[in-house]
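Everything below concerns the one structure shown next.
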Amino acid sequence: MYELFNRHFKNTEDAKVLVAGIEEIIDEKFNNEKDRLATKRDVFCLKEDVLALQTRMEQGFKDQLRWLIVLMVGLSSLAIAVLKLT
């Protein structure tokens, strides 16, 4: 980058100052944004959390289905008992 600016400015000091300024801006922007970047460890932990959540949701759906079947059998038995008594 220095060589490119050096050809256009024809002054070594101006080219050096410009390159240093650009590098400083890039470093500052990177330092501001690096906390938002995800590392491989972050992604791995996130995958583990998603798998744990998926397992808990599946178990919850199974429990709900089990209760629904028990309640339906109970209500059906109650309905049959009421019909036989009348």
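The values are calculated or read from the model by the stated rules, or taken from the named source; none is laboratory data. Since this is a predicted model, take the numbers as computed values, not measurements. Note that each Cβ is placed from the backbone with ideal geometry, even for glycine, and that neighbours are counted across all protein chains shown.
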Which listed residue is of a type in the set (Ser, Thr, Tyr) and in contact with a helix residue (DSSP H, G or I) (Cβ under 8 Å, 6 or more places away or on another chain), from 12, 39:
12
Only listed residue being within 36 Å of the chain's Cα centre (by Cα) and in a helix (DSSP H, G or I), chosen from 46, 83, 71
46
Going by the conditions given, is residue 61 modelled with pLDDT under 95, in a helix (DSSP H, G or I) and of a type in the set (A, V, I, L, M, F, W, C)?
no
Looking at the structure I just gave you, is residue 10 exposed (fewer than 10 other Cβ atoms within 10 Å of the Cβ), at pLDDT below 80 and among the basic types (Lys, Arg)?
yes
Consider residue 12 carefully, then state whether it is of a type in the set (Ser, Thr, Tyr) and within 39 Å of the chain's Cα centre (by Cα).
no
